[in-house]
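First comes the structure, then the notes that go with it.
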Amino acid sequence: MKETYYVGAYWLARRESAEACAQRAESFFRLLASCDPSLALWFKKGRTLEEALKHRIASDAESLAEVFNQQAQKEGRFTDEGFSLRGWNGQTHEAASTMSFLCGDASVWVPNRCLFHPPEEGPAKERVLQAPVLARILRAMAVAFEPEWGIATSQAHRAMVVPESAETSAFIGWLMYFSHRRGPLPPLPPPVHIEPVEDKGTLVILTPERFTASNPAHVELARDVAERLTQAGLLSPLRPWDT
C-alpha cells in the first residue's frame with residue numbers, strides 16, 4: 001500500500017491583520033526554502049502548466065500584504081475572516097508539493113491552519129519524507145505561525161485513529177508539535193525523540209524511520225504514546241487564542 005503524507009499546523013480564533021499575516025507568511029516561505037531545494041519557489045495554480053508558471057508567488061511581506069488586502073476587498077470579507085493563500089512548487093503531477101494556509105481568522109469553529117503536502121513520487125519524495133526534513137517543515141510552521149498544535153503523518157494512519165472532522169482536536173501521528181500553552185509533556189518511551197522549538201513549544205518524533213500504518217510496531221508505539229498524551233491532556237481540543 002502506497003501511503004501519502006501531509007504536514008499541518010492548527011490554531012483557533014486568533015484575529016490578525018493582513019500585515020501581521022504577511023509577516024508570518026514571509027517567515028514561513030523563508031524557512032520552508034531551507035528545508036529542501038524543491039521548496040524555494042511557489043506558484044499560483046492555473047488552467048495549464050505554462051499559465052501557472054507565469055504566476056510566481058512573491059514571498060516578501062509587502063507583496064503578501066497587498067495580496068491579502070486585495071483579497072479582502074475582492075471577496076468582501078469581514079476583518080475577522082482571515083487571509084488565505086494556496087500554491088504549488090512548479091513540479092508536475094505526483095512530483096509536486098503543495099501548500100496552503102489560513103491566517104487571522106477569529107472563528108471559534110474553523111481553525112486557522114497551514115498545510116503542506118509533499119510529493120508522492122520521485123527523488124524529492126525520498127528527500128522530503130525523512131523525519132529530519134519533516135521536522136524542519138513542521139518547525140517552520142511553528143516558528144512562523146505560532147500554532148497551538150501541529151502534525152506530520154500518513155493519511156492512512158490518520159484515518160485509523162481519528163474521524164474525518166478532527167481539525168479542532170489534536171491526535172497522534174509520526175511527528176507532532178505542541179505549543180507550551182497546551183501544558184507539559186509526560187515521559188515518553190523510546191525511540192520517541194523530543195526537540196524544543198525556540199521558546200514556543202516542543203516537537204515530538206515517534207520514530208526516526210518512516211512511520212507507516214502498515215507497520216504493527218509503529219501502530220503500537222503510536223497507541224502507547226497517544227494514551228500517555230491523552231492522560232496528560234495534550235490531545236484535547238484546540239482552545240480559542242487569548243489575545
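Going by the structure shown, is E26 surrounded by 13 or more Cβ atoms within 10 Å (Cβ to Cβ), modelled with pLDDT of 95 or more, part of a helix (DSSP H, G or I) and among the acidic types (D, E)? Yes; evaluated as a whole, the condition is true for this residue.
Let's see how each residue does on (1) assigned to a strand (DSSP E or B); (2) surrounded by 22 or more Cβ atoms within 10 Å (Cβ to Cβ); (3) out of contact with any Lys or Arg (no Cβ under 7 Å at 6 or more places or on another chain):
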site: G82; (1), (2), (3): yes, yes, yes
site: C103; (1), (2), (3): yes, yes, no
site: E120; (1), (2), (3): no, no, yes
site: A140; (1), (2), (3): no, yes, yes
site: T153; (1), (2), (3): yes, yes, yes
site: R181; (1), (2), (3): no, no, yes
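A count restricted to the range 1-23 and to residues that are assigned to a loop (DSSP other than H, G, I, E, B) and either closer than 29 Å to A213 by Cβ or aliphatic (A, V, I, L, M) (or both) stands at 5. Report yes if S154 is in contact with a strand residue (DSSP E or B) (Cβ under 7 Å, 6 or more places away or on another chain) and more than 28 Å from R15 (Cα to Cα), otherwise no. The answer is yes for S154.
Per the listing V225, V197, the residue uniquely under 18 Å from the mean Cα position of the chain (by Cα) and among the aliphatic types (A, V, I, L, M) is V197. Checked against (1) more than 19 Å from A140 (Cα to Cα); (2) surrounded by fewer than 17 Cβ atoms within 10 Å (Cβ to Cβ); (3) free of Cβ contacts under 8 Å to residues at least 60 places away in the same chain, A65 passes all but a single condition, namely (2).
Of all residues in the range 51-61, none satisfies being touching a helix residue (DSSP H, G or I) at 6+ places or on another chain (Cβ under 7 Å), outside any helix (DSSP H, G or I), basic (K, R) and at pLDDT below 95. The residue list A213, A217 contains one member that is over 18 Å from A135 (Cβ atoms), loosely packed, with under 14 Cβ neighbours inside 10 Å and either under 15 Å from the mean Cα position of the chain (by Cα) or of a type in the set (A, V, I, L, M) (or both), which is A217.
The values are calculated or read from the model by the stated rules, or taken from the named source; none is laboratory data. If you're wondering where the values come from, they're calculated on a predicted model, not measured in any experiment. When we count neighbours, we look across all protein chains shown, and the Cβ atoms used for this are built from the backbone with ideal geometry, even at glycine.
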